[in-house]
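Below: the structure, in structure tokens.
Please treat every number below as a calculation from the coordinates, not as lab data. Treat the numbers as computed from the prediction; the structure is a model and nothing was measured. When we count neighbours, we look across all protein chains shown, and the Cβ atoms used for this are built from the backbone with ideal geometry, even at glycine.
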Amino acid sequence: MKAWTLIAFYLSKDIWSRWLEHPGAVFARLFVGVLLAALLLFAQAGFMIAGRSLEMKVARLGAGTLLLTEVAGPERIGQPSLGRLLAPLGDRAQLIAFRQLPVSARDPLHGECLVLAYGRETFAALAPSLATVPPSAIYYVTAKLPSGVTLEVEIDGVLRSVVTVQPPTWLARLPLFNPLLIVPDELATAWEGQGHFEFCLLLADPSRPAEVRALAEGVRTILAMERRDTAQLQSPETLLDEIAALSLTRERTQALAGIAGGIVLALVFGAIASLEYRQNRYIVALLRSFGAPATLVLLRYAVEAVVLLALAGFGAGLLAANLHSYVFGFAGFEAGLLDRIVLDPYAPAEVWTQLRWLLVGALFSVVPISFALRQPVGRILQ
Amino acid sequence: MNDSTDIVCAGLGFGYGNKQVLDRFDAHFSPGLTLIKGFSGCGKSTLLKLVAGYLRATSGTLTVPGARAPDAAFQRRHLGFVFQQLNLLPLATLRRNLELIGALAELPRNQVRAQTEKYLALLGLEEFAERLPSTLSGGQQQRAAIARAFIKEPTVLLLDEPTSGLDDLNCRVIMKLLGSHLPPACVCLVATHDQRLSALPHEGLDFNRFLPVERHLVALA
């Protein structure tokens with residue numbers, strides 16, 4: 001053990017000595033290392049920010065949202081609503097079902113209102129909004145007034161007291177632009193005589209596209225079994241396919257960029273290491289003549305390459321972190337996406353993901369040395 | 001592991017490219033000093049390198065004491081070698097050059113220290129022990145290389161032109177070491193042109209008999 005320590009110590013000294021003798025070779029490797037590492041880190045950061053941007057767009061577009069609409073005439077009265085039919089799917093996605101009733105309603109301040117009836121299956125989705133306001137039979141969903149305000153609106157020619165609530169976030173997924181009045185099914189029977197327009201939202205997790213697809217299939221099956229061919233399903237499956245294709249492209253591009261960087265690094269480091277080996281091969285052969293294993297000598301070159309890469313990676317990390325907001329701000333990304341507290345592309349795990357290819361490249365750079373080490377000592381030493 | 005104390009070459013063959021240097025070479029070297037003499041290029045150094053395991057024979061077998069074959073373990077534990085060219089580690093002091101070899105031979109630390117002091121003293125290098133090789137003269141470096149070969153008191157000691165280019169004083173110091181401090185049971189092969197070494201009690205091997213004399217050199221001489 002002592003012998004290996006001594007040899008390792010000597011080889012470390014040898015590395016340091018050669019660095020001092022040939023600073024140009026060290027700086028060349030450091031420069032290439034920093035450049036490649038910085039490029040890869042910026043590329044990774046770009047991919048991550050672009051990915052995050054896509055995720056936000058996906059969330060806005062509702063990639064996990066299934067929308068069903070159905071116009072029901074008077075002949076449908078008495079048949080179960082879409083919301084009730086889809087209630088068994090409520091454990092796989094959040095179910096929100098409303099029936100828009102053909103009744104006129106008017107807020108003296110804000111004009112025409114839509115009247116929506118909701119069933120038991122929608123209680124859970126409404127509960128967080130309704131829990132914060134005084135109880136009421138009819139709620140007035142509007143962002144223009146504070147929550148919990150009691151006021152009067154005219155419904156079907158009669159003035160009724162309503163309590164305001166803020167619109168839940170999921171409401172943005174529905175193409176509803178007027179102020180809304182929501183009433184439970186039990187209180188809406190008087191206005192159901194002329195049919196209704198029903199819409200259901202199923203909010204699934206967009207990050208699990210397989211589950212979203214299964215949910216859409218489930219909806220189609222239920223509609224087919226119940227012969228509800230008047231119902232229209234808007235499914236995000238096509239969008240999910242596009243997103244999956246984009247993600248795959250992104251991952252492949254990222255991996256390819258990493259591998260390309262690794263190859264370039266291996267070539268540059270390997271070429272410089274081979275040149276240095278030629279100058280140093282007498283000493284290396286001498287050590288081998290003492291019985292020092294070639295692997296130990298090879299390790300010296302591997303360690304040198306890894307140390308230089310670590311220094312380059314550290315330098316590139318600092319560079320990337322400090323130029324991050326300038327580079328990506330200049331590239332036109334939203335300021336919110338550049339906040340490294342929210343999304344840090346230079347966290348150790350992320351840096352490792354990208355720079356591991358450079359590490360592989362650095363280790364591959366000693367392959368020429370391993371071939372050179374196969375030359376018999378007796379052909380080098382005289 | 002070979003229990004014999006002898007080096008046995010049987011049908012050894014080796015060449016550099018198309019040039020055959022050794023062809024079906026047979027020899028038996030017993031403990032003690034053997035001087036190998038011959039013209040330049042006749043294969044003396046090649047033989048030493050083959051015995052050391054620094055070159056691989058293209059045919060034949062080679063048996064060395066203390067090991068099945070001249071491999072890395074043999075080189076670490078049983079072999080001492082002095083090359084023609086100076087071959088000290090340039091970044092290590094003289095003492096460290098010697099200690100490294102002792103440590104590689106897995107000698108106990110105390111023994112490494114004692115042997116280092118012993119051979120530094122025998123070769124008159126004590127005052128240079130902490131100096132780097134580049135600060136020493138050619139003679140001092142050669143003595144240091146020989147001290148390094150001796151430090152583990154090897155079973156096989158191979159010296160390639162150990163006194164070439166050295167003055168008489170340096171040569172006498174080395175001869176004294178070879179004459180009176182050769183480790184017991186050590187097979188010591190010395191490839192040399194130096195007639196001064198003939199004064200040592202030795203076995204001899206004339207390598208010229210294995211090769212045709214280079215006629216053009218005879219004409220020039």
(request) Could you please rank B:His181, A:His196, placing first whichever residue has the fewest other Cβ atoms within 10 Å of its Cβ? (result) B:His181, A:His196
(request) Obtain the nm distance between the two label points defined at A:Met225 and A:Leu323 by a simple spin-label model: each point lies 7 Å from its Cα along the Cα-to-C-beta direction. (result) 6.0
(message) Take the residue pairs B:Lys19/B:Lys176; B:Lys49/B:Lys176; B:Lys37/B:Lys176; A:Lys13/B:Lys176; B:Lys49/B:Lys118; A:Lys13/B:Lys118 and return only those whose Cα atoms are more than 30 Å apart.
(response) B:Lys19/B:Lys176; A:Lys13/B:Lys176
(request) Please give the length that would be gained between A:Gln166 and A:Ala335 if that part of the chain were fully extended, namely 0.36 nm times their separation in residues minus their C-alpha to C-alpha distance (nm, one decimal). (result) 58.0 nm
(request) Please report the relative contact order for chain B, taking Cα pairs under 8 Å with a sequence separation of at least 6, and give it as a percent rounded to a whole number. (result) 29
(message) Given the options A:Leu6, A:Leu246, A:Pro206, identify the residue whose Cα lies farthest towards the positive end of the charge dipole of chain A (+1 on Cβ of Lys, Arg; -1 on Cβ of Asp, Glu).
(response) A:Leu6
(request) Subtract the Cα-Cα distance of A:Gln234 and A:Glu154 from 0.36 nm times their separation in residues, and report this length gain in nm to one decimal. (result) 25.4 nm
(request) State, to one decimal in nm, how far the label point of A:Ala214 lies from the label point of A:Lys13, with both points 7 Å from Cα in the Cβ direction. (result) 6.6
(message) Nothing charged except the Cβ atoms of Lys and Arg (+1) and of Asp and Glu (-1): what's the magnitude of the dipole of chain B about its Cα centre? Round to the nearest 20 debye.
(response) 300
(request) Might you report the magnitude of the Cβ-based charge dipole of segment A:200-316 about its Cα centre, with Lys and Arg at +1 and Asp and Glu at -1, to the nearest 20 debye? (result) 660
(message) Around B:Thr116, under 13 Å between beta carbons, what's the net of Lys plus Arg minus Asp minus Glu among the other residues?
(response) +2
(request) Assign unit charges at the C-beta atoms only (+1 for Lys and Arg, -1 for Asp and Glu), then state the dipole size of the protein assembly as shown relative to its Cα centre in Debye, rounded to the nearest 20. (result) 2760
(request) Please build a GNM for chain B, connecting alpha carbons under 10 Å apart, and tell me which residue among B:Thr58, B:Thr116, B:Thr46 fluctuates the most. (result) B:Thr58
(message) What distance in nm lies between label points placed 7 Å from Cα along the C-beta direction at A:Glu350 and A:Thr5?
(response) 4.2
(request) Given the options B:Glu203, B:Glu127, B:Glu99, state which has the largest fluctuation in a GNM of chain B using a 10 Å cut-off (strictly under) for Cα springs. (result) B:Glu127
(message) Using +1 at the C-beta of Lys and Arg and -1 at the C-beta of Asp and Glu, which of A:Gly111, A:Val141, A:Gly78 has the Cα lying farthest in the positive direction of the dipole of segment A:57-182?
(response) A:Val141
(request) Note down the relative contact order for chain A as a percent, whole number, built from C-alpha pairs under 8 angstrom at least six residues apart. (result) 27
(message) Around A:Gln94, under 15 Å between beta carbons, what's the net of Lys plus Arg minus Asp minus Glu among the other residues?
(response) 0
(message) Using Cβ contacts closer than 10 Å as the measure, can you line up A:Ser136, A:Ser289, A:Ser365 from fewest to most?
(response) A:Ser136, A:Ser289, A:Ser365
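Find, among the trypsin sites (Lys or Arg not before Pro) in segment B:29-68, those assigned to loop by DSSP (not H, G, I, E, B) with at most 12 other beta-carbon atoms within 10 angstrom.
The qualifying sites are B:Arg68.
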(message) I need the trypsin sites (Lys or Arg not before Pro) found in segment A:320-382, filtered to DSSP loop residues with at most 10 other beta carbons within 10 Å of theirs.
(response) A:Arg374
(request) Report the local net charge at A:Leu181: Lys and Arg +1, Asp and Glu -1, summed over other residues whose C-beta lies under 9 Å from its C-beta. (result) 0
(request) On a C-alpha basis, how far is the centre of segment B:50-111 from the centre of segment A:253-304 in Å? Whole number, if you could? (result) 25
(request) Specify the residue with the greatest mean-square fluctuation among A:Gly148, A:Gly313, A:Gly332, computed from a Gaussian network of chain A linking alpha-carbon atoms under 10 Å apart. (result) A:Gly332
